[in-house]
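Trainee: This is the structure I want to talk about, given as structure tokens.
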């Protein structure tokens, strides 16, 4: 069985459009991934310890509650 929460966390890290959508309407994204109430609550409260436990990634992995965004450079400015 696939871990839907881990799938979402990975998708948020690699898909800037999804991350932007999540920032604007987290409930819609969480519903689309079919997460449990516990998983939704952990994501919305940015509880990295619980998200990690629910993802089954163990204590040797780390997660952040931030998103890295890339911007086009124009004349060396960002």
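The values are calculated or read from the model by the stated rules, or taken from the named source; none is laboratory data. Everything numeric in this text was worked out from a predicted model, so none of it was measured. Ideal geometry is used to build each Cβ from the backbone, glycine not excepted, and the neighbour counts take in all protein chains shown.
Trainee: Which of the residues spanning segment 16-51 are free of Cβ contacts under 8 Å to residues at least 24 places away in the same chain, surrounded by 13 or more Cβ atoms within 10 Å (Cβ to Cβ) and in a loop (DSSP other than H, G, I, E, B)?
Mentor: Of everything in segment 16-51, just one residue is free of Cβ contacts under 8 Å to residues at least 24 places away in the same chain, surrounded by 13 or more Cβ atoms within 10 Å (Cβ to Cβ) and in a loop (DSSP other than H, G, I, E, B), namely 47.
Trainee: Do we find a residue being surrounded by fewer than 14 Cβ atoms within 10 Å (Cβ to Cβ) and either at pLDDT 65 or above or part of a strand (DSSP E or B) (or both) anywhere in segment 58-68?
Mentor: Checked against the condition, which is being surrounded by fewer than 14 Cβ atoms within 10 Å (Cβ to Cβ) and either at pLDDT 65 or above or part of a strand (DSSP E or B) (or both), segment 58-68 yields no hits at all.
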